[in-house]
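*Asks:* Just dropping this structure here.
The values are calculated or read from the model by the stated rules, or taken from the named source; none is laboratory data. Please read all numbers here as calculations on a predicted model, not as lab measurements. Neighbour counts run over all protein chains shown; Cβ positions are idealised from the backbone, glycine included.
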Amino acid sequence: MRLVLEAAGLSVGWQPGCWVLRDISFSLAAGELVGIIGPSGCGKSTLCQALAGIIPRQLPGEVKGKILLLGRNLAALSLPEIAADLGIVFQDPETQLFLPRVRNELAFGPENLCLPREEIGMRIERIAEELGCQDLLEANPNQLSGGQQQLIALAAVLALEPKLLILDEVTAQLDPQTCARLQAIIGGLRRRGMAVLMVEHNLAQLAAADRIFALRNGQLAEAAAADLVDDEALRRVYGGGRE
């Protein structure tokens, strides 16, 4: 089984010596879906940002321990090198959409990798067809619904053909139909060998997960199946209940 992501002894903090996350270790293999749950403010987004190299490259913070992306030390990679193999989509798609046309959004990443124009065009058409957003390619992202914007943000990341996809609570503002569509997309990506790390509050969105981890008190622990059966058990996992 090929490991796409490995974290060993990972600690992350916003101020020196003040750790939000402490001594986190886990791995993610090709084709695997791993879910992470936990209450607001427990550090789920901080973990995603550290795994994606955003901390400390774009956001100030301290990172200790080791993160390996396809066997390479993340600390030694530039953001463009990371982005070639790791894509991240956030809860608010507006933070990732900034160009006047959807087609431009999908082309932006591959253009920055200096791919040939023909290859970029083929990627755009293929991703748009897979996500069912062909009719939105000429639209202005600012004029789309929240669900449409989330699909476009995902499409822009997939245009880079990453080996690992991190989804940080992307279903929070989606209707049930769009959530179902997203699950089908994730299933297809996994069948092609993409690893997916999915942060969620809604356990229904993690029904297909191979493993689920609970983040609490700055540490990550795998949740047993028995812990995810009912509301009372879920409150124990969250350390505070549903949100």
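*Asks:* Checking Gly188 against (1) surrounded by fewer than 17 Cβ atoms within 10 Å (Cβ to Cβ); (2) assigned to a helix (DSSP H, G or I); (3) modelled with pLDDT under 85, only one condition comes out false. Which one?
*Replies:* Of (1) surrounded by fewer than 17 Cβ atoms within 10 Å (Cβ to Cβ); (2) assigned to a helix (DSSP H, G or I); (3) modelled with pLDDT under 85, only one is false for Gly188: (3).
*Asks:* Moving on. Can you go through Gly53, Gly41 and tell me which one is over 18 Å from Thr95 (Cβ atoms) and either surrounded by fewer than 16 Cβ atoms within 10 Å (Cβ to Cβ) or touching a residue at least 12 places away in the same chain (Cβ under 8 Å) (or both)?
*Replies:* Gly41
*Asks:* Does region 197-204 contain any residue that is within 23 Å of Glu32 (Cα to Cα), charged (D, E, K, R), modelled with pLDDT under 95 and not in a loop (DSSP other than H, G, I, E, B)?
*Replies:* So far as region 197-204 goes, no, none of its residues is within 23 Å of Glu32 (Cα to Cα), charged (D, E, K, R), modelled with pLDDT under 95 and not in a loop (DSSP other than H, G, I, E, B).
*Asks:* Within region 1-25, which residues are surrounded by 19 or more Cβ atoms within 10 Å (Cβ to Cβ) and within 17 Å of Ala223 (Cα to Cα)?
*Replies:* Within region 1-25, just Ile24 meets the criteria.
*Asks:* Six or more apart or on different chains, Cβ atoms under 9 Å: show the pairs whose first residue is in region 114-143 and among the charged types (D, E, K, R) and whose second is surrounded by fewer than 16 Cβ atoms within 10 Å (Cβ to Cβ) and part of a helix (DSSP H, G or I).
*Replies:* Every condition considered, the pairs that remain are Arg117/Glu111; Glu125/Gln134; Glu130/Gly188.
*Asks:* May I pose another question? Could you look through region 80-109, keep only residues that are within 15 Å of Lys163 (Cα to Cα) and not small (Gly, Ala, Ser), and pick out the one that is surrounded by the most Cβ atoms within 10 Å (Cβ to Cβ)?
*Replies:* Leu86
*Asks:* Please state which of the following conditions Pro60 fails to meet, knowing it meets all the rest: (1) surrounded by fewer than 18 Cβ atoms within 10 Å (Cβ to Cβ); (2) touching a residue at least 12 places away in the same chain (Cβ under 8 Å); (3) not in a loop (DSSP other than H, G, I, E, B).
*Replies:* (3)
*Asks:* Just checking, which of Gly31, Gly13, Gly35, Gly9 is within 22 Å of Asn202 (Cα to Cα) and assigned to a strand (DSSP E or B)?
*Replies:* Gly35
*Asks:* Let me ask something else about it. Pick out the one residue from Leu106, Leu79, Leu74 that is closer than 25 Å to Arg181 by Cβ and not charged (D, E, K, R).
*Replies:* Exactly one of Leu106, Leu79, Leu74 is closer than 25 Å to Arg181 by Cβ and not charged (D, E, K, R), namely Leu106.
*Asks:* While we're here: Yes or no: Leu21 in contact (Cβ under 8 Å) with a residue 60 or more places away in the chain, within 18 Å of Asp168 (Cβ to Cβ), out of contact with any His (no Cβ under 7 Å at 6 or more places or on another chain) and of a type outside the set (Gly, Ala, Ser)?
*Replies:* Yes.
*Asks:* Grab the helices (runs of 4 or more DSSP H) fully contained in region 63-137, keeping just those with 1 or more residues being on the phi > 0 side of the Ramachandran plot and touching a Phe, Trp or Tyr at 6+ places or on another chain (Cβ under 7 Å).
*Replies:* Qualifying helices (runs of 4 or more DSSP H): none found.
*Asks:* If you check Gly65, Gly53, which single one turns out to be of a type in the set (Gly, Ala, Ser) and touching a Gly at 6+ places or on another chain (Cβ under 9 Å)?
*Replies:* Testing whether each residue is of a type in the set (Gly, Ala, Ser) and touching a Gly at 6+ places or on another chain (Cβ under 9 Å) leaves just Gly65.
*Asks:* From the list Asp85, Asp92, exactly one residue is modelled with pLDDT of 95 or more and either under 30 Å from Cys179 (Cβ atoms) or among the small types (Gly, Ala, Ser) (or both). Which is it?
*Replies:* Exactly one of Asp85, Asp92 is modelled with pLDDT of 95 or more and either under 30 Å from Cys179 (Cβ atoms) or among the small types (Gly, Ala, Ser) (or both), namely Asp85.
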